[in-house]
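Taking it in order: structure first as structure tokens, then the write-up.
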Amino acid sequence: QVQVVESGGGLVQAGGSLRLSCAASGSIRSIYAMGWYRQAPGKECELVASINSRGTTTSADSVKGRFSISGDNVRKTVYLQMSRLEPEDTAVYYCAADLLLSGSSYRDRYWGQGTQVTVSS
């Protein structure tokens with residue numbers, strides 16, 4: 001069994017900061033990439049930022065310069081540091097992990113339950 005667990009969401013005022021954490025656990029042989037997606041009410045789910053096993057990162061234009069993603073391969077954890085938050089960043093943030101499990105021959109994507117981030121104006 002694999003678990004992907006997020007933490008760190010909450011309520012913050014505009015201009016403030018939050019750090020989200022996501023840890024993957026279980027019979028994991030390899031981590032290909034981990035990333036954060038978000039879904040605001042009435043909007044489609046969108047990629048916020050991701051990092052692959054080589055440390056290469058990508059991020060949405062809307063968060064460039066404000067959010068940064070980092071990873072710890074040993075702890076199988078990824079972090080999303082969010083600064084200068086705006087009300088438009090309010091959403092449920094989901095962690096996704098592209099994993100190869102022990103005994104498996106193909107990778108698959110696993111999702112966390114999501115954590116709410118609310119930015120007040």
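Sorting S27, S120 by solvent-accessible area of protein heavy atoms yields S27, S120, largest first, with a 1.4 Å probe. Charge dipole of the chain (Cα centre as origin; +1 on each Lys and Arg Cβ, -1 on each Asp and Glu Cβ, all else neutral): 360 debye, rounded to the nearest 20. Computed over the alpha carbons of region 19-121, Rg followed by Dmax gives 13.9, 49 Å.
Inter-part distance, region 77-101 to region 24-52, computed on C-alpha centroids, equals 7 Å. In plain terms, the chain from T58 to T118 could stretch by 19.3 nm, reckoned as 0.36 nm per residue minus the Cα-Cα distance. Scanning the chain for cysteines with no neighbouring cysteine C-beta under 4.7 angstrom from their C-beta gives C45. Across the accessible surface of the chain, with the other protein chains kept in place and a 1.4 Å probe, carbon and sulfur atoms take up 45 percent.
The values are calculated or read from the model by the stated rules, or taken from the named source; none is laboratory data. Just so you know, these numbers come straight off a predicted model, no measurement behind them. Positions of Cβ are backbone-derived with ideal geometry, glycine not excepted, and every protein chain shown enters the neighbour counts. Surface accessibility is based on the protein's heavy atoms, side chains included, excluding ligands, DNA and RNA. Shrake-Rupley method; radii C 1.70, N 1.55, O 1.52, S 1.80 Å.
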